[in-house]
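The values are calculated or read from the model by the stated rules, or taken from the named source; none is laboratory data. Because the structure is predicted, anything quoted here is derived from the model rather than measured. Ideal geometry is used to build each Cβ from the backbone, glycine not excepted, and the neighbour counts take in all protein chains shown.
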Amino acid sequence: MDFPFYPSNDFGPLMKGMVIGGVGILHVFLAQFAIGGGILLCVFQWLAMTGRSKLAREFVDGYFRWVVLISFVLGALTGVSIWLTTIQISPRTIGLMVQEFHWLWATEWTFFCLEVASGYAFYRYGKVLPDRTRLGLRMSYSIASWMSLFWINGILSWQLTPAGWLEHRTVWSGFFNPSFWPSLLFRTITALAEAGLFACLIINLATNWTREQKQTMLHRAFYFLAPMALMPLVGAWYFAVVPDDSRRWVMGESVAMTMFMTLGVGASMLIGAYAVVMLVNRRNFINAMTSLVLIVLAVGATAGGEFVREGMRKPYTVRNVLYSNSITEADAAEMRCNGGAARDPYPLKNEASIPNEQLRLGAKVYRMQCSICHTEEGANGLLGLVRTWTPSQVRLNIAQLQRTKPFMPPFAGTAAELEALVQWLAWREAGNPTDWEVSAEPEVLKTIQGHLDEVGTVSGIALMQQNEAAARIRHQDERNQKGSR
């Protein structure tokens, strides 16, 4: 096997997933604002053209400056940051996505270029252009930004629900996957809501409008939150098409996933409730501080939703293809026989301070298989998790990792590599002493191998499905026996 080793980056106490997640949540929020903002600007430009609102043209010019500042500057920077961090942390996942969908990425980048060109043209010349040309540029910007979402959504949703792609391996069978349409609709509704909330803040910042004028514009902006009424239906559709085990993580089997799901749903419900009040009673007024609070809630809803979307894929980054540590199912089986980390060609940090080769091997096993989701002593620190376990417990739990934690990949390595990891953890817990005895007792390695052989290299999801199928058979046999008496 020619396993593709990549250099590994250490982010200190920050978990690598937190780095990607933090940048990703910010970028998604800003990108959705840009998409919704483009649609909102089209509507308000039309209101100005048709004489339905005397303030709409002035609002469009002011609002668009914020769209340019946020989406063109912060949005673009965070977009580049996502590529930079993911390539460093999970290069094999990014490589697979580009390999399978390179023409679709190119299409998305083309629409992004159109978005930038039309946005810049409006920013530079919008005030002196006739209304029809202004609307044309706004529509060009809006369509281009939404089409960027369209193409990216297909690739991201493929990671969780590749479905027919696993069999046919064609671009379109992967792109138009089961979760494509519900996730696209959900993101579009979210984008509209974000645009409406930002509009409320910007309207309040206008210094030359009366309170009555602001109130009129605020109620027009709040119509963009009305589609949130569809969110429960779209959410139910989405959860109906995702894999059963992924749905169960969210619905209570993973505390963290359930907590973030509750955060996202709760924040969305609060925003939706406020929108209903504003739309029903036109005498209500929303001030700048309340607008800002609602935007913060929207950030919380985005964070909860993105955490859940990422977490639902566990133990994979691409379901049934690539585990979260960038090891394929075939790699895991091969590494059980021939080892993996021992072939890692890259040097270790402070390698000279590690007393023996077994500990150096253990450090490479940690780097290769564990560091994507765990730090040593920081966020989700591995040392803290195993601190109260005996050496025998550490060996058993890691050897049967997918049984212990079904949302984690199976251990991909030999018994000797697993024991090297156990010794490295013990050495780190002991404070990195300058001398450490090598552990190579045949009975210990034989016990570890027995643990490994018992569970194999199938995923925790497959084990759960096997156990559930066996339980159904036992239940049916018991019913048959009772019926025959």
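Given the criteria in contact (Cβ under 8 Å) with a residue 24 or more places away in the chain, of a type outside the set (D, E, K, R), surrounded by 16 or more Cβ atoms within 10 Å (Cβ to Cβ) and not in a helix (DSSP H, G or I), does Phe3 qualify? So Phe3 passes the test. Restricting the first member to the range 100-127 and to residues that are closer than 21 Å to Phe175 by Cβ, and the second to residues that are surrounded by fewer than 16 Cβ atoms within 10 Å (Cβ to Cβ) and of a type in the set (Ser, Thr, Tyr), no beta-carbon pair is closer than 7 Å while six or more apart or on different chains. In the range 301-313 there is at least one residue that is over 29 Å from Gln402 (Cα atoms) and within 23 Å of the chain's Cα centre (by Cα). Listed by first and then second residue, the pairs linking a residue in the range 239-251 that is in contact (Cβ under 8 Å) with a residue 12 or more places away in the chain and in the same structural domain as Pro315 (by TED's automatic domain parsing) to a residue that is assigned to a helix (DSSP H, G or I) and among the acidic types (Asp, Glu), with Cβ atoms under 9 Å apart and 6 or more places separating them unless they lie on different chains, are Asp245/Glu253. Annotation: of all residues in the range 136-160 being more than 25 Å from the chain's Cα centre (by Cα) and crowded, with 19+ Cβ neighbours inside 10 Å, the one that is farthest from Val308 (Cα to Cα) is Leu137.
Checked against the criterion of being of a type in the set (Gly, Ala, Ser), assigned by TED's automatic domain parsing to the domain that holds Pro182 and under 18 Å from Ser179 (Cα atoms), the candidates Gly136, Gly164, Gly95 yield just one match: Gly164. Quick check on Ser157: is it farther than 22 Å from Ala298 by Cα, without any contact (Cβ under 8 Å) to a residue 60 or more places away in the chain and either outside the structural domain of Val73 (by TED's automatic domain parsing) or among the small types (Gly, Ala, Ser) (or both)? So Ser157 fails the test.
Can you work out which of the residues in the range 368-417 that are among the charged types (D, E, K, R) and within 28 Å of the chain's Cα centre (by Cα) is nearest to Leu348 (Cα to Cα)? Among those that are among the charged types (D, E, K, R) and within 28 Å of the chain's Cα centre (by Cα), it is Glu376. All of Glu310, Glu329 fail the test of being under 30 Å from Ala191 (Cβ atoms), out of contact with any Cys (no Cβ under 6 Å at 6 or more places or on another chain) and acidic (Asp, Glu), apart from Glu310. Taking the range 405-485 and the helices (runs of 4 or more DSSP H) fully enclosed by it, the elements with 1 or more residues that are at pLDDT 95 or above and either surrounded by 10 or more Cβ atoms within 10 Å (Cβ to Cβ) or not acidic (Asp, Glu) (or both) are at 415-429, 442-455. Restricting attention to the range 23-60, the residues being within 14 Å of Leu135 (Cβ to Cβ) and within 34 Å of the chain's Cα centre (by Cα) number 8. Taking the criterion of being surrounded by 14 or more Cβ atoms within 10 Å (Cβ to Cβ) and of a type in the set (A, V, I, L, M), the residues of the range 335-359 that qualify are Met335, Ala341, Ala342, Leu348, Ile354, Leu359.
When Arg220, Arg247, Arg187 are screened for being charged (D, E, K, R), buried (at least 16 other Cβ atoms within 10 Å of the Cβ) and more than 22 Å from Met147 (Cα to Cα), only Arg220 passes. Scanning the range 64-89 for residues that are under 23 Å from Phe122 (Cβ atoms) and touching a residue at least 24 places away in the same chain (Cβ under 8 Å) gives Phe64, Arg65, Trp66, Val67, Val68, Ile70, Ser71, Phe72, Leu74, Gly75, Thr78, Gly79.
Considering the range 355-389, and only residues there that are β-branched (Val, Ile, Thr) and modelled with pLDDT under 95, the residue that is farthest from Leu322 (Cα to Cα) turns out to be Thr388. Just to verify a result, which residue in the range 361-404, among those that are buried (at least 19 other Cβ atoms within 10 Å of the Cβ) and of a type in the set (Gly, Ala, Ser), is farthest from Lys446 (Cα to Cα)? Top of the filtered list is Ser371. When both residues are 6+ apart or on different chains and their Cβ atoms are under 8 Å apart, which pairs have a first residue that lies in the range 380-409 and is at positive phi and in contact (Cβ under 8 Å) with a residue 24 or more places away in the chain, and a second that is of a type outside the set (Ser, Thr, Tyr) and in a loop (DSSP other than H, G, I, E, B)? Listed by first residue and then by second, the contacts come to Asn380/Met15; Asn380/Cys373; Asn380/His374. Please tell me if Ala240 is surrounded by 15 or more Cβ atoms within 10 Å (Cβ to Cβ) and farther than 19 Å from Thr302 by Cα. In short, no.
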